[in-house]
1. Could you tell me the accessible area of A:Ile332 in Å² (1.4 Å probe, neighbours in place), rounded to the nearest ten?
2. Go through segment A:300-317 residue by residue and turn each phi into a ³J(HN,Hα) via Karplus (6.51, -1.76, 1.60, θ = phi - 60°); whole Hz please, and just put x for glycine and proline.
3. For a test of the definition: using alpha carbon positions, the gyration tensor, and the 1.5 limit on a/c, classify segment B:112-211 as rounded, prolate or oblate.
4. Have a look at A:Ile172, A:Gly187, A:Phe211 and report the one farthest towards the positive end of the charge dipole of segment A:58-229, computed about the Cα centre with Cβ charges (Lys/Arg +1, Asp/Glu -1).
5. Using only alpha carbon positions, build the gyration tensor of segment A:58-229, then give the equivalent ellipsoid semi-axes as the square roots of 5 times its eigenvalues, largest first, whole angstrom.
6. For the protein assembly as shown, rounded, prolate or oblate, judged on the Cα gyration tensor with a ≥ b ≥ c (square roots of eigenvalues), a/c < 1.5 rounded, else prolate if a/b > b/c?
7. Place a +1 charge on the Cβ of each Lys and Arg in chain A and a -1 charge on the Cβ of each Asp and Glu, then give the dipole magnitude about the Cα centre in debye, rounded to the nearest 20.
8. Run down the aspartates and glutamates and flag those whose C-alpha is under 15 Å from the C-alpha of B:Lys4, throwing out any fewer than 8 positions away in its chain.
Amino acid sequence: MKDIILALSLRSIRIHFLRSVLAALGIVIGVVAISSMGMMGANMTLSVTEELSSMANNLVVRAYTGGSGFGGGPGGGGTSGSGDEFITESEFREITKIAEKYGLVYGVQSESDRIEVGDRKGRATVYGLDDKVMPSIFSLSEGTFPKSTSSVVIGPTLASRYSLKTGSRIDIGDPDKGGTMTVRVVGILNERGMSMDVNSDSAIIADQKLFNGIYGREGEYNQVNIILNDINDTQKVKSAILDKMNRKEETVTIQDSSRMLESITSTLSTMTTFVMAIAGISLLVAATSIFNVMMMSVTERVREIGIMRSIGTQKSEIRKMFIYESVILGVIGATIGAILSLAIGWVVVLAMVGSTDYFFSPSSLVYIPSAMLVGIVICVTSGVYPAWRASSLDPIEALRAE
Amino acid sequence: MVEKPLIELVEVTRVYSLPSGDVVALDRVSLTINEGEFVAIMGPSGSGKSTLLNQIGCLDRPTSGDLFIRGKNTRTMHDRELTSLRLNTIGYVFQKFNLIPLLTAYENVEYPYLMKHRKPDDTGRVDTLLGMVGIDPPMAAHKPPELSGGQQQRVAIARALVNDPALILCDEPTGNLDSVTGHQIMGLLGDLNRKGSTILMVTHDAEVAGFAERTIVMRDGRVV
Ligand SMILES: Nc1ncnc2c1ncn2[C@@H]1O[C@H](COP(=O)(O)OP(=O)(O)OP(=O)(O)O)[C@@H](O)[C@H]1O
Ligand SMILES: [Mg+2]
């Protein structure tokens, strides 16, 4: 049917075009802000999840250091290396005995140290690993794994930061404290991204013998990593190790990436909600401007409302006319906002996450219709009071308005 | 013909409370108008004629006293009911025309039809009425601010008639018209009255009042 009430709303918007556009602009900005923040969060979560779940079969065992400093009281014997932050050789062997039938077990030593390349100084993490396990953990982009006791492989980030190639030399250590040791780069690793087992991208990876040659830390492991053959063994291996090692007192803790994944995802989602709430403030501002425009529209049309009422227009129709007006403003604003969100969201995601691989995935795009919906709902809500005001005008009074 | 009262006013008083003091626009007016009557209301400016018409047109409620329409006290009616009475039963030609500025002349006439029937006029009634009051289709496409006072008045008359109201209220329907057009409009009202409509018309013109079968004179808010 021909909806004369809708026609009146449209004509009113058209007559006050500039004012309506400005009001809708608020909604546009609000929708863009909310949806691009939401998409940023979703893309961040997706890419972190993807990165982490590729190594979900990793277990990392560390020495228990938590809680009180008295954890390993005096005279603690047996398997305990308590009080220090390392896993001892005997503990390492015990873990190996339990876990080796489920996958690869290897000890990791690490130090953060001063390095010097040419005349450039800096810091880097130095890892000491059994050279036999390196090929099962890393992949090379060039060169080979270390064969001699003075050669190392390095991560790609470190390589590009110091312009290192295979054959380059690095001095490790502080000349003022115990002198330096020169090592030769024989290989550069592929990028692995953030992980909890070994963060190799900006690190130096040395054979255990070389590492202990520099730091003299035989039998002191920072962590023992287990790469499980079957991810379903996670709980079984975890509890087997914990039962055995922590029988008398807490000596080790085990981290598996599912927990880490969970906590990172929940941190990200808290962060996303927070940023979106801030973006939501812009919608509140938009609501105020819509409210303002609607009140102006009501005030301006008092006489018209009086006429409509006097010739038999129900209050509900008058309300409808103003609700239509705010819905139209909301829908136009939200639609333009949604279209802009695609472009602006893309830029934000590219800038903040660094990759738009997941931009078109459902859990990212869902923020566009959601933000639209929020925008429209806010618009309509801000139109409710003005509409009610309009409908409850007294016809006689309204007719006298000029 | 059996005299059936369509409208009955019993001691209707309307007081406007203004900051400058109360204005008694209607002072205990009692009046009966039977179905099928054609009544003219005369009286000096400010004597309460429009106020009386607003009461009968269910636009306003009495400060005190009672108004019965077809025997039903309007005090007991809700806004919804009074509104649909204004839409379906009463056709009101306002002194100031009161056309909707955003709508064309045609749409203004069609408006009450749309509100009542919930569909556009496919019976040609709107065009017929516009023709009867002398508004041709090109003129009907104009919006009220683009029309002369007399043209607006004629559009307002056509609008009042579109839903075939049982009661027609006219507040100086010929005030802005030349005598020829004025006579045409009076002829139209006379025809409608003969077909059964009840008509109540405010006028300053004794000749126009002559079309009516009864004349009420008001002074200072009272029927004299
Ligand atoms: N809405 C209102 N608020 C306050 N006073 C009003 C209102 N409407 C009418 N009045 C007052 O009520 C009195 C009667 O007014 P009304 O419009 O009924 O006169 P009228 O007989 O129609 O006059 P006219 O012939 O000039 O149209 C006047 O004194 C007027 O000032
Ligand atoms: Mg008057």
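1. About 80 Å², ignoring ligands and nucleic acids.
2. Whole-Hz 3J(HN,Hα) from phi for segment A:300-317: 5, 10, 3, 4, 4, 4, x, 4, 4, 5, 5, 9, x, 8, 5, 3, 4, 5.
3. Oblate, because a/c is 1.5 or more while a/b does not exceed b/c.
4. A:Gly187
5. Here the semi-axes work out to 29, 20, 13 Å.
6. Prolate.
7. On the way: 36 positive and 40 negative charges, 309 e Å.
Roughly 1480 debye, rounded to the nearest 20.
8. Partners within reach: B:Glu35, B:Glu37.
The values are calculated or read from the model by the stated rules, or taken from the named source; none is laboratory data. Note that the structure is predicted; figures quoted are calculated from it, not measured. Every residue, glycine as well, gets a Cβ built from its backbone with ideal geometry; the counts of neighbours run over all protein chains shown. Just the protein is used for accessible areas: all its heavy atoms, side chains included, with ligands, DNA and RNA removed. Shrake-Rupley method; radii C 1.70, N 1.55, O 1.52, S 1.80 Å.
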